[in-house]
1. Can you name the residue in region 128-141 that is under 17 Å from Q161 (Cα atoms) and assigned to a loop (DSSP other than H, G, I, E, B) and, of all such residues, is farthest from the chain's Cα centre (by Cα)?
2. Among P180, P162, which is free of Cβ contacts under 8 Å to residues at least 60 places away in the same chain, of a type outside the set (A, V, I, L, M) and either within 22 Å of S237 (Cβ to Cβ) or crowded, with 22+ Cβ neighbours inside 10 Å (or both)?
3. Would you be able to tell me the number of residues in region 23-44 that are within 21 Å of K87 (Cβ to Cβ) and either of a type in the set (D, E) or not in a helix (DSSP H, G or I) (or both)?
4. What's the total number of residues in region 142-158 that are of a type in the set (G, A, S) and either open to solvent by 70 Å² or more (accessible area, probe 1.4 Å) or over 20 Å from the mean Cα position of the chain (by Cα) (or both)?
5. Please identify the pairs in which a residue from region 127-148 that is modelled with pLDDT under 95 has its Cβ atom under 6 Å from the Cβ atom of a residue that is open to solvent by 60 Å² or more (accessible area, probe 1.4 Å), counting only partners at least 6 apart or on another chain.
6. Going through L173, L114 one at a time, which residue ends up being touching a residue at least 12 places away in the same chain (Cβ under 8 Å) and more than 14 Å from N206 (Cβ to Cβ)?
7. For region 39-70, how many residues are buried (at least 18 other Cβ atoms within 10 Å of the Cβ), in contact with a Ser or Thr (Cβ under 7 Å, 6 or more places away or on another chain) and over 16 Å from K21 (Cα atoms)?
8. Going by the structure shown, is K115 at pLDDT below 95, of a type outside the set (A, V, I, L, M, F, W, C) and open to solvent by 20 Å² or more (accessible area, probe 1.4 Å)?
Amino acid sequence: MNRVENDIKVSIIIPAYNVEKYIERCIKSASKQTLAEIEIIVINDGSTDRTKEIIESLAQQDKRMVVINQVNGGPSSARNAGLDIAKGEFIQHLDGDDWIEELACQELYAFAKLKNLDVVICDFFSNDDKGKVDYITEWSQAQGEYLAVDALHAFLAVKFQPCIWAKFFRACLYREIRLPLHILFGEDLATTPKLLLKAQLVGKYNKAFVHYTYNPKSITKNHVYKKNSELFAVFKSIRLFLKENDYKETFQQELLDLEFYYVTGLLLAPPHWDCIEYKKKIQELCNYISKTNHINFLVNYHIYNKIMLKIIMRFPYPFLIRFFQIQHIIKSKLRRFNNK
């Protein structure tokens with residue numbers, strides 16, 4: 001009997017770009033889900049290696065697979081293409097170089113339905129190619145349901161990460177939301193708070209399902225300074241969304257603190273001392289810090305000291321001048337803030 005649209009409980013969306021080494025493991029982990037009522041949407045995002053060949057071969061073995069071949073448009077474009085055709089009641093994102101435990105969809109779907117949840121946040125595993133596995137706890141809360149607004153406050157306070165593949169979303173949240181095409185790095189950060197804002201109940205499930213693969217050759221690992229430099233666009237997108245939904249004043253202070261926390265990460269990028277673009281972004285950061293008046297986050301001095309220690313350990317001598325400039329700006333702002 002052919003399945004009708006509402007028979008599909010979970011759509012697993014997998015963007016894939018030049019991941020021939022990993023994609024078979026990823027897709028097979030999705031195919032082995034103990035929940036039968038799923039669809040697996042794999043988007044070949046213009047791969048130039050054997051990724052497309054492997055995907056199409058696996059699709060012949062599992063009729064629940066839907067394959068999209070498109071010109072390379074980046075991870076947001078690929079995920080959006082999957083969201084456009086997804087028929088599931090819930091969405092599980094999965095990157096092409098990661099994989100997922102067999103019970104994931106069954107347990108997350110049952111938990112979401114039992115508690116009437118719009119989003120489920122769960123833990124995840126971090127794996128490297130040498131076999132090391134770390135268990136990563138997201139949002140250290142008791143297992144159960146919470147108001148979405150409380151989850152959003154926790155997100156803005158950096159109590160869990162923005163990665164969308166470690167979260168289980170009700171599909172209807174995406175009716176008005178898509179990942180931003182103009183942001184190639186930080187698209188999760190630009191999207192997760194918007195989805196939380198549209199939700200009502202968010203659950204924490206204290207179990208890990210997704211195995212995140214630390215791939216040192218990944219573009220997001222090798223170009224960290226580019227990733228962080230796009231954070232200005234990320235937060236502009238979030239502010240606009242909050243304004244359009246009449247939440248600008250509610251979360252304004254927390255969002256400013258979060259933005260400051262993330263953009264200082266630009267200073268912690270791998271060494272790119274000879275890169276003109278990197279130097280420009282460092283100057284942008286100096287200008288940003290100079291103009292920022294809301295820095296409650298830095299009153300937490302262990303955060304401040306952690307950031308400063310990492311900066312001074314990474315900067316070679318020519319860049320120490322820039323470091324001391326930033327340190328002077330921050331300390332002067334802290335003094336003014338504490339004197340209010």
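The values are calculated or read from the model by the stated rules, or taken from the named source; none is laboratory data. None of these values were measured; they are calculated from a predicted model. With ideal geometry, Cβ positions are generated from the backbone for all residues, glycine too; neighbour counts draw on all protein chains shown. In case anyone asks, the SASA skips ligands and DNA or RNA and just uses the protein heavy atoms, side chains included. Shrake-Rupley method; radii C 1.70, N 1.55, O 1.52, S 1.80 Å.
1. Q141
2. After applying the criteria, what remains is P162.
3. Counting residues in region 23-44 that are within 21 Å of K87 (Cβ to Cβ) and either of a type in the set (D, E) or not in a helix (DSSP H, G or I) (or both) gives 13.
4. Going through region 142-158 one residue at a time, the tally reaches 2.
5. Hits for this filter: N127/V133; D128/Y214; W139/K159.
6. Testing whether each residue is touching a residue at least 12 places away in the same chain (Cβ under 8 Å) and more than 14 Å from N206 (Cβ to Cβ) leaves just L173.
7. Count: 3.
8. Considered against the rule, which asks whether it is at pLDDT below 95, of a type outside the set (A, V, I, L, M, F, W, C) and open to solvent by 20 Å² or more (accessible area, probe 1.4 Å), K115 comes out as no.
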